[in-house]
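Worksheet: the structure to be examined is printed underneath.
The values are calculated or read from the model by the stated rules, or taken from the named source; none is laboratory data. This structure is a prediction, so every number in the text was calculated from the model and none was measured. Cβ placement follows ideal geometry from the backbone for every residue including glycine, while neighbour counts extend to all protein chains displayed. Each accessible area value is taken on the protein alone, full model and side chains, heavy atoms only, with ligands, DNA and RNA left out. Shrake-Rupley method; radii C 1.70, N 1.55, O 1.52, S 1.80 Å.
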Amino acid sequence: MMRLLRVWFSRLKGSFDKKRRDLEFGAELQSCIEMHVQDNLLAGMAPEEARRQALLKLGGVLQTREACRDRRGIPLLEALIQDLRYALRQLSRSPGLTAVVVLSLALGIGANTAIFSLMDAVMLKTLPVKDPESLVLLSWTSPKWPVPGNIVKSLSGNMWTPKTGGIASTSFSYTALAQFQTNNTDFSSVFGFADPDKLNVLISDQASFASVELVTGNYFSGLGVTPVLGRAITAADDKAGAPPAAVISFGYWVRKFGRNASAIGKTAFINRVPFTIVGVAPPEFFGVEPGTRIDIWVPIATTHLILPTWGDPGKALFADSSYWWVLVMGRLKAGVTAAQARASMNARLAQTMTGGTSPAQNLQMLPQLQTGSASKGLNDLREQFSKPLWILMTLVALVLLIACANVANLLLSKSEARQKEMAVRMAIGAGRPRLIRQLLTESVMLALIGGACGLLLAVWGKSVLLALMASGRMPVLVDARVNLTALFFTAAVSLLTGILFGLAPALRATSLDLIPALKENSGGTRTRREGKSKLGRGLVVAQVFAALVLLIGAGLFVRTLENLENQNIGFNRRNLLLFGIAPGQGGYSGERLTAFYKEMLLRIQALPGVESASLSQHGLIGTGETILDIMFEGHTPKPLAGNKAQAWVNVVGPRFFKTTGTSLLLGRGIGVEDTASSTKVVVINEALARQVFGKANPIGNRISLSDHPSKTEAEAYTIAGVVQNAKFGELRKPSPPTIYISYLQTPWHSGHTYFEVRTAADPAAMIPAVRKVAGNMDRNLPLFDVNTESEKIAESLMQERLFARLSSFFGVLALLLACIGLYGVMSYSVARRTNEIGIRLALGAQRKNILWMVMKESLLLTAGGLAIGLLCALAASKLVSSILFGLNPTDPLTFAGAAALLLAVAAFAGYLPARRASRVDPLAAIKYE
Amino acid sequence: MTERMDVWQGTVAFMALKTLETLGPLHAYGIARRIEQTSGNLLALNYGTIYPALLKLEQEGYVASEWGVSENNRKAKFYALTRAGRKRLEKEASDWEQATSILARFLAPAERA
């Protein structure tokens, strides 16, 4: 075996420095022949005879050389090397064409691989747990929100509007989870978990934020995840009074403990509650939601210890069936379908909601249980990204299509140009398979070079994409290295492109009739040329069509971004710094918390360079929202039905409007005079004022903030001012009806808050000073979401910007490629018709007629592509309507603009060959063939 | 003139190895000549066939080659047995001996009969 390997290795070596070895062998042979001749002479032969006998004895110099040559190397490999060398020489002979082809393919393949890797990570990969296919995630839908009858009083977690309307969520009450778990015959295990926001974690005197997941005792066993170190959280940990235990993620272990096994047994203070670290999760396990990364898992039974504010005041969190906050997953028993499980779980759910008594009168209004496959984790990320990813995938697929069409076109023209070469090679005895192999080698090599460049581009492009797609508030941490699937995908696409567009021209080029091909100077026969140009023209029409679709997409996305950026947001984003702090997690509450906020505000305001500062429960954009039912005394909001009587609530500090730059329209803003002991006031925005009071002055009216009218004087608020509409939570939504309440006058103000700081100069420069203030107040309280508001808004528009940029880039690229294609086809057509044009000119045709004749051809091709493209874009634009903003998916301006741009550039690309045609010298042209 | 036998396929390599063992480093022409002489001129050897055989032996690592100067002051490529070649020769020699003795047994009674 080793010998054989050795032989092949040495033959492999022999395949390379062939020339040298050939020479060396020649010398050896020569010296041996000379020795033989010498011996023959000594034996008394005549010189002539001595040489003749020696050669005779040898059996032929050529045969001997040949026998050795074949044995020295690997003939098949040598042919391949020869082909590759020849291909390289051919490609380097036309560097422009090679560059265009490689670049087209690299961009097409690179973009496809990048997007594919992302899609693979987000949508195709399954959870790294045992038998993920049998996992089911429970959710529910209800036709009405809020769910009638106080069944769901508070909900924390995911909530969305399904296609059928109403509301859907994955959150359940803890009592429902318990009900699912008892005597379950459909699932082998049912486990629950909840994801609070980041929590304050103190490990060896270092405070930071970590994402903590609250899990039931059977979470790890149910998922089938075994810690790499220590043990998992078990049912024994998940009991009231059990010593708090925590499992940390592999990444967290690396970051905080440097992979030191002594981490087991260490104490981590989560919101000041001491937890003992008992295990480290395996490195590939990030939690059940792809895209988010859990740092620490703790038993759900410790929720009330670390999050005492959770749940409705006065109700036990675990016994409250109207507080919905736990996500539930189950593992189906073998042979049980999801539908069977759903039916039996739905009955259990109904029981917890109606308290086991007779069914409520509006049973169909009750939340209905749904099941979804949980094999790929929670749907969140997929739902959020799948559409944009599909759109991107379509965009890049179109680019690849154009690139391939271009490559095909260029290879076609090239093969036409090489017909004579092929004819010569066939005439001197090259076999057709050998020539096809040669041509295929060339195109596959082109494709592979393009693919390799594309892969490099993809590696770079994907990290850029990943960074861009992660909006600031949600770092997307999918495990998306360029993986084998993506590599395979790239390789397949590039090889297929090479073979497809190499083979057709190769077959055609070698099937030619030798005699006419050799005779004709410009190669090929007439009929074959017609075929080629038909294919070429078809490709050009396809390119124009794809380019137009891309350009229209680009136009729509760019205008969406513009609309989003230029809309009136109701506050001044410039020179505004925001940061969050959570003293509630550091043990502050009640008076102490209020005092902390007051002191912090004073200290920040005292900083040089700060114009004003305030605080609010929610930041301005992208930090969540609170929605409450409102009632006006004497002034019932006219459309009480639905959620019209709801208002978005922000709890703010003094000088909030001055700090954010929201202008006051009537009355006054929230000020320092609004304290716990003064009259309770609210400021409402224009939208709410108009909705409730029409044109009447709302100042002095009273408002209460719950389902029911205020019972006591103390719970009612007096409207003190009206401010302009400002965006709240999301940029895409119109400003909701909003009320602002002083943080000193509401029980809702919480343990975490955002500070707004208006600065005189660059707000980012203020960050160190602000951090120092916070550190001096309490060094165990880290800041979160520290950023300037303009940066935050930019971050929240990342996806839109990504779309606008990528689609513009691809659009321009497509335009360029399509025009290169058009130019190539027209140039070729003009060159082919030089003779004809010469005759026309000689017979008296005007030069401008010739110009028009050629121009007409390219314009017709473009018009054909445009017509198909417009129709397709009209049909396809509806698919993207959900990600557009402020314009119709069939926006006529965008459509017309894209078509005009394409037409103009195409006309230019067509004009160049047309001008060349019109300048043909008739005499020279007639002699041309 | 006695009838000369053609060389059996594959035996040239063995003969070349044996020659190198007996005579030490030698060039291709010398090896071919020696094989012919050893056979008592009974073998019809095309000197050309020695070259591919030597090339194969070299690729297999049984011989090593080096340029040197021949006895009559001519530059020539010399082949020498390697350690692996020596082992190979031993094995092949014993194989041949066994094969010929087996054949001999078949031939002996036939002659008697």
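Worth a mention:
- Answer residue from the stretch B:22-44, given it is under 12 Å from the mean Cα position of the chain (by Cα) and surrounded by fewer than 15 Cβ atoms within 10 Å (Cβ to Cβ) and is farthest from B:Ala76 (Cα to Cα) among those: B:Thr38
- Looking across the stretch B:45-90 at every residue that is among the polar types (S, T, N, Q) and either open to solvent by less than 20 Å² (accessible area, probe 1.4 Å) or assigned to a strand (DSSP E or B) (or both), the one that is farthest from the other protein chains (Cβ to nearest Cβ) is identified as B:Ser65.
- Single residue of A:Leu56, A:Leu29, A:Leu23 found to be at the interface with chain B (Cβ under 10 Å from one of its Cβ atoms), in a helix (DSSP H, G or I) and exposed (fewer than 14 other Cβ atoms within 10 Å of the Cβ): A:Leu56
- Strands (runs of 3 or more DSSP E) fully within the stretch A:204-268 counting 3 or more residues that are in contact (Cβ under 8 Å) with a residue 60 or more places away in the chain: A:206-210, A:212-215
- Residues that are over 15 Å from A:Val201 (Cα atoms) and charged (D, E, K, R) were ranked within the stretch A:231-267; the one that is least open to solvent (accessible area, probe 1.4 Å) is A:Asp237.
- Condition met for B:Leu103 (in contact with a Cys (Cβ under 6 Å, 6 or more places away or on another chain), assigned to a helix (DSSP H, G or I) and either more than 10 Å from chain A (Cβ to nearest Cβ) or closer than 21 Å to A:Leu29 by Cα (or both)): no
- The set of residues in the stretch A:210-262 that are among the basic types (Lys, Arg) and more than 18 Å from A:His304 (Cβ to Cβ) comprises A:Arg231, A:Arg255, A:Lys256, A:Arg259.
- Residue satisfying all of: in the stretch A:906-923; surrounded by fewer than 19 Cβ atoms within 10 Å (Cβ to Cβ) and among the aliphatic types (A, V, I, L, M); nearest to the chain's Cα centre (by Cα) among these: A:Ala907
- Candidate set from the stretch A:140-165 (those that are open to solvent by less than 20 Å² (accessible area, probe 1.4 Å) and at pLDDT 80 or above); member that is nearest to A:Ala338 (Cα to Cα): A:Trp140
- Identity of the residue in the stretch A:59-73, open to solvent by 30 Å² or more (accessible area, probe 1.4 Å) and among the hydrophobic types (A, V, I, L, M, F, W, C), that ends up farthest from the other protein chains (Cβ to nearest Cβ): A:Leu62
- Test set (1) surrounded by fewer than 19 Cβ atoms within 10 Å (Cβ to Cβ); (2) at negative phi - A:Ile203 fails condition number: (1)
- Complete set of residues in the stretch A:849-902 that are outside any helix (DSSP H, G or I) and of a type in the set (Asp, Glu): A:Asp891
- Residue check for A:Ser790: touching a Leu at 6+ places or on another chain (Cβ under 8 Å), in contact (Cβ under 8 Å) with a residue 12 or more places away in the chain and in a helix (DSSP H, G or I): yes
- Residues that are of a type in the set (D, E, K, R) and surrounded by 24 or more Cβ atoms within 10 Å (Cβ to Cβ) within the stretch A:268-300 comprise just one, A:Asp295.
- Pairing residues of the stretch A:679-706 that are more than 22 Å from A:Lys727 (Cβ to Cβ) with residues that are among the polar types (S, T, N, Q) and surrounded by fewer than 22 Cβ atoms within 10 Å (Cβ to Cβ), at Cβ distances under 7 Å and at least 6 apart in sequence or on separate chains, gives A:Thr679/A:Thr718; A:Lys680/A:Thr718; A:Lys680/A:Gln745; A:Val681/A:Thr718; A:Gly700/A:Thr718; A:Arg702/A:Thr718; A:Ser704/A:Ser710.
Every residue, every condition in (1) in contact (Cβ under 8 Å) with a residue 60 or more places away in the chain; (2) under 30 Å from A:Leu448 (Cα atoms), yes or no:
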position	(1), (2)
A:Arg11	yes, yes
A:His36	no, no
A:Ala43	no, no
A:Glu48	no, no
A:Arg51	no, no
A:Leu55	no, no
A:Leu76	no, yes
A:Arg89	no, yes
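- In the set (1) under 30 Å from A:Ala606 (Cβ atoms); (2) buried (at least 20 other Cβ atoms within 10 Å of the Cβ); (3) under 33 Å from the mean Cα position of the chain (by Cα), the condition left unmet by A:Thr759 is number (3).
- Taken over the stretch A:2-29, residues that are among the hydrophobic types (A, V, I, L, M, F, W, C) and under 49 Å from the mean Cα position of the chain (by Cα) amount to 5.
- Where A:Ser92 falls short, out of the listed (1) open to solvent by 70 Å² or more (accessible area, probe 1.4 Å); (2) polar (S, T, N, Q); (3) within 14 Å of chain B (Cβ to nearest Cβ): (3)
- In the stretch A:426-467, the residues that are open to solvent by 60 Å² or more (accessible area, probe 1.4 Å) and either among the charged types (D, E, K, R) or over 22 Å from A:Leu503 (Cα atoms) (or both): A:Ile428, A:Arg432, A:Arg434, A:Arg437, A:Leu456, A:Leu457, A:Val459, A:Trp460, A:Ser463, A:Ala467
- Flag if A:Arg85 is of a type in the set (D, E, K, R), within 14 Å of chain B (Cβ to nearest Cβ) and either surrounded by 16 or more Cβ atoms within 10 Å (Cβ to Cβ) or free of Cβ contacts under 8 Å to residues at least 40 places away in the same chain (or both): no
- Residues satisfying the stated conditions in the stretch A:173-199, i.e. under 30 Å from the mean Cα position of the chain (by Cα) and in a strand (DSSP E or B): A:Gly192, A:Phe193, A:Ala194, A:Leu199
- Scan the stretch A:583-606 for residues that are farther than 22 Å from A:Ser208 by Cα and open to solvent by 30 Å² or more (accessible area, probe 1.4 Å) and the total you get is 9.
- Test: A:Thr234 is of a type in the set (S, T, N, Q), touching a Gly at 6+ places or on another chain (Cβ under 6 Å) and more than 19 Å from A:Arg293 (Cα to Cα): yes
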